[in-house]
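K.L.:
Quick one: the structure is below, questions incoming.
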Amino acid sequence: MRLRDVEPGDGPAYVRMRCDPEMMAHLGGPYPQERAEAQVGHDLALVASGAGMVKMIVVGSPKPETVAGTVTLWRHEIDGAAAAEIGWMVLPGHQGQGLARWAVSGVLDEARRDGRWSVVHAFPGVENDASNRLCRRLGFTLVGERETPFRDQLFRTNHWVLDLRG
Ligand SMILES: CC(C)(COP(=O)(O)OP(=O)(O)OC[C@H]1O[C@@H](n2cnc3c(N)ncnc32)[C@H](O)[C@@H]1OP(=O)(O)O)[C@@H](O)C(=O)NCCC(=O)NCCS
């Protein structure tokens, strides 16, 4: 398995991930197909601007190579201040095998090496057991619960932070 940058041809993988009701259960429900496809262009622009990393998790089994998930690290404002947030997805057929742990850890390592990232925030839903366990396992500190705006809705989330500088 490997991580690679998002590519213009990733539309079908985005649709598989973001139009799946199970995948989007904690993320406001499935996107319409056009919205998922449009997200590729948005993410390519994010990477090109230097304000984010969008990595695709590629697995070689079963052949041919296929996208099993994605990890995104992006700068934006949180509570009115400049900040960075990370999010992740692994498709149902690939879950429960440590893929998210491996991939998120890889992205955090790359951000550490890059040197331009400091505190990273994550906001998994309070009932998103896998994501909350992932945060704990990767060394994030739980700040507490909060209401987090996403896709014009408010979600009851946990707030985790990890300082990449030390
Ligand atoms: C969250 C998600 C990425 C986890 O992917 P994964 O590859 O299955 O995760 P891993 O196998 O690396 O496991 C990570 C942790 O979650 C736990 N876990 C995995 N699946 C789980 C499940 N269904 N229920 C509870 N815990 C689970 C693992 O045991 C592990 O915890 P541990 O280290 O304490 O044992 C995946 O479930 C997903 O994409 N969900 C839908 C999208 C989503 O909610 N994204 C998060 C937005 S913040």
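The values are calculated or read from the model by the stated rules, or taken from the named source; none is laboratory data. Please read these numbers as outputs of a predicted model, since none were measured by experiment. Here the Cβ is made from the backbone with ideal geometry for all residues, glycine too, and neighbour counts use every protein chain on show. These accessible areas exclude ligands, DNA and RNA; they are computed on the full protein's heavy atoms, side chains included. Shrake-Rupley method; radii C 1.70, N 1.55, O 1.52, S 1.80 Å.
K.L.:
Excluding the sites themselves, what is the longest stretch of the chain that contains no trypsin sites (Lys or Arg not before Pro) in a DSSP loop with at most 12 other C-beta atoms within 10 Å?
P.N.:
Excluding the exposed sites themselves, the longest stretch runs over 1-115.
K.L.:
Can you tell me how much longer the chain between Asp129 and Asp5 gets when fully stretched, taken as 0.36 nm per residue apart minus their C-alpha distance, in nm with one decimal?
P.N.:
Between Asp129 and Asp5, full extension yields 41.9 nm more.
K.L.:
Collect residues whose amide H, placed 1.01 Å from N in the peptide plane, falls under 5 Å from the amide H of Ala68; neighbours closer than 5 in sequence don't count.
P.N.:
Here Ile57, Val58, Val59 satisfy the definition.
K.L.:
Okay, moving on. Rounded to the nearest 20 debye, what is the charge dipole size of the chain about its Cα centre when +1 sits on each Lys and Arg Cβ and -1 on each Asp and Glu Cβ?
P.N.:
I would put it at about 520 debye.
K.L.:
Grab the beta carbon distance between Arg137 and Glu34, set R0 = 41 Å, and tell me the FRET efficiency rounded to 0.05.
P.N.:
Using R0 = 41 Å, I get an efficiency of 0.70.
K.L.:
Assign one of three labels to the stretch 2-163, namely rounded, prolate or oblate, based on the Cα gyration tensor with a ≥ b ≥ c the square roots of its eigenvalues; rounded applies when a/c is under 1.5, prolate when it is not and a/b is larger than b/c, and oblate otherwise.
P.N.:
It is rounded, given that a/c, with a ≥ b ≥ c, falls under 1.5.
K.L.:
Could I ask something else about it? Tell me the per residue accessible area of the chain using a 1.4 Å probe; a whole number in Å² is fine.
P.N.:
53 Å²
K.L.:
Additional query: Just need the relative contact order of the stretch 2-163 here, percent rounded to a whole number, with Cα pairs under 8 Å and 6+ apart.
P.N.:
Normalised by residue count, the contact order of the stretch 2-163 is 17 percent.
K.L.:
Still on this model: What longest range of the chain stays clear of loop-exposed GluC sites (Glu not before Pro) (DSSP non-H/G/I/E/B, at most 14 other C-beta within 10 angstrom)?
P.N.:
Formally, the longest exposed-site-free interval is 66-126.
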